[in-house]
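The values are calculated or read from the model by the stated rules, or taken from the named source; none is laboratory data. Note that the coordinates shown come from a computational prediction; the quantities given were computed from them, not determined experimentally. Positions of Cβ are backbone-derived with ideal geometry, glycine not excepted, and every protein chain shown enters the neighbour counts. These accessible areas exclude ligands, DNA and RNA; they are computed on the full protein's heavy atoms, side chains included. Shrake-Rupley method; radii C 1.70, N 1.55, O 1.52, S 1.80 Å.
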Amino acid sequence: MSQVRNPGARTLHPLTAVEQFQVYTERQLEQIPQLQRLPAELRRSMHAVAQVLPFRVNRYIVEELIDWDNIPDDPIFQLTFPQPGMLAPEDFERMAALLDAQVDPAQLRAVVQEIRQKLNPHPAGQRLLNVPRLDDKRLEGMQHKYRETVLFFPSQGQTCHAYCTFCFRWAQFIGDKELRIASHEATLLHRYLKQHHEVTDLLLTGGDPMVMKTRHLAAYLEPLLQPEFEHIQTLRIGTKALSFWPQRFVLDEDADDLLRLLERLVRKGKHVAVMAHYNHWRELDTPIAREAVRRLRDTGVVIRSQSPLVAHINDSAEVWARLWQTQVSLGIVPYYMFVERDTGARRYFEVPLVRAWEIYRAAIQQVSGVARTVRGPSMSAGPGKVEVQGVAEIGGEQVFVLRFIQGRNPDWVQRPFFARFDPQATWLDDLHPALGEKAFFFQAEYDAMQTRAAL
Ligand SMILES: *Cc1c(COP(=O)(O)O)cnc(C)c1O
Ligand code: SF4
């Protein structure tokens, strides 16, 4: 087999057959041996969808995570491979017909563009409202939406070891510069943080920052040990590498350097949180996935987990309860359950809010208090992160009880508010004030913020 990149780790942990990272995109779809067993019609539909939405999978996922005897229902197959229902039927038919006719690339591109524009590539006003400024210049590649936390999108981390089919950042992966949020500027990040003492948390995100070489990560993180960054207490790294490429923490040639870097940050007094994206307990079932968790935890970082609730992958209370239980047994702290965002293939993945709440509730009832650290179901919407706390009846009216977990104005946080019950609603935009109110309590202020940002 392929060469061993981290021989020391290998002798200690003979964990897996897949050691070399090998990726498959739409162009290499036909080279995946397991796909040859699938009906031609299914492969045709994968090609059609993958023209519009990003597709990227790797050999570890194909060989060790997907159960090929359970296609198309296997949750990891649903998580990584394009499915026909992800496009509107008319768009799907159009794409498939263009591919069958082998039209020229320019013609194909034009239609692809048109369909993508219909899929709300930038949800929740990301382009306009959250971009911070330094010396009056917009800092692309950063978002500062909630007072305490700055999001940073390092340019070397704007891809992932594979792509989730439901990804809300899909627009960043399709090679369209217009849609791309990224920064290559560590210096600008550090200058901004120095000037903003209200910020306690830096969240590196992407894509997946763990696709970066350790030395690049170090360039962003290590300077924060200087005294002028004392206010930055928490360094968070959002990643799905623990599921999509756990070798990053075990076998990759700079795996050990990464662990040493994290250890240094922890020893020098930072809280380092790996915000791990897990959708299904199956992602935690391989020996290497568990070894990666163990090695990370040994450095003193805390692993917190978050995931959206999505149809076809994890829309069942049993899956969530088992996911949280598995995580707790491995020392991972369940953190957020998200509602699928209003972008990309949402038509295929979305779950009504009432159903999401029922699943959350039924799952949380099955686990002990140590797993009840998870909050949700939560919508990352324009005004903030809004949690569905439940359905109640107030004065004869059926309502959703909601609260902000995070708000564009910190004062909105933790105030209960109410929306008319709607069994079909899937997002905040579908909801209307209840109990005779004309508007939600935050609406006028939020509208004013948007008007100001547009000027
Ligand atoms: C979720 C989120 C954060 C982090 O919020 P916490 O509740 O502190 O985890 C920061 N910025 C943005 C834009 C977010 O969506
Ligand atoms: S890991 Fe995150 S950013 Fe990457 S494809 Fe999945 S959801 Fe998108």
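Brief remarks on what is shown
- Number of the exception - I288 against (1) within 16 Å of ligand 1 (Cβ to nearest atom); (2) of a type in the set (V, I, T); (3) open to solvent by less than 10 Å² (accessible area, probe 1.4 Å): (1)
- Residues considered: L193, L202. Of these, the only one that is among the hydrophobic types (A, V, I, L, M, F, W, C), in a helix (DSSP H, G or I), modelled with pLDDT of 95 or more and more than 13 Å from ligand 2 (Cβ to nearest atom) is L193.
- Out of V293, V319, one residue alone is of a type in the set (A, V, I, L, M), open to solvent by 10 Å² or more (accessible area, probe 1.4 Å) and out of contact with any Cys (no Cβ under 6 Å at 6 or more places or on another chain). It is V319.
- Considered as a group, the residues in the stretch 215-242 that are part of a helix (DSSP H, G or I) and open to solvent by less than 10 Å² (accessible area, probe 1.4 Å) include one that is farthest from ligand 2 (Cβ to nearest atom), and that residue is F229.
- Boolean, E445 is touching a residue at least 24 places away in the same chain (Cβ under 8 Å) and open to solvent by 10 Å² or more (accessible area, probe 1.4 Å): yes
- Cβ separations smaller than 8 Å between residues 6+ apart or across chains give the following pairs from the stretch 135-158 residues that are among the basic types (K, R) to residues that are within 16 Å of ligand 2 (Cβ to nearest atom): K145/L151.
- Taking the listed residues P82, P105, P89, the one that is within 19 Å of the chain's Cα centre (by Cα) and closer than 20 Å to A48 by Cβ is P82, with no other qualifying.
- Every condition in (1) among the aliphatic types (A, V, I, L, M); (2) free of Cβ contacts under 8 Å to residues at least 60 places away in the same chain; (3) open to solvent by 20 Å² or more (accessible area, probe 1.4 Å); (4) more than 16 Å from ligand 1 (Cβ to nearest atom) is met by V131 except one, and the failing one is (4).
- Residue list for the stretch 342-366, restricted to those being closer than 24 Å to V328 by Cα and either open to solvent by 10 Å² or more (accessible area, probe 1.4 Å) or within 16 Å of ligand 2 (Cβ to nearest atom) (or both): W357, E358, Y360, R361, A362, I364, Q365, Q366
- Those residues of the stretch 367-397 which are among the aliphatic types (A, V, I, L, M), within 18 Å of P433 (Cα to Cα) and outside any strand (DSSP E or B), in sequence order: A381
- Residues in the stretch 398-455 that are part of a loop (DSSP other than H, G, I, E, B) and in contact with a helix residue (DSSP H, G or I) (Cβ under 7 Å, 6 or more places away or on another chain): R408, N409, D422, P423, A425, T426, F442.
- Contact annotation: residue pairs with Cβ atoms under 6 Å, 6 or more positions apart or on different chains, pairing a residue in the stretch 55-75 that is open to solvent by 40 Å² or more (accessible area, probe 1.4 Å) and acidic (D, E) with a partner that is part of a loop (DSSP other than H, G, I, E, B) and at pLDDT 95 or above, are E64/T286; D67/D74.
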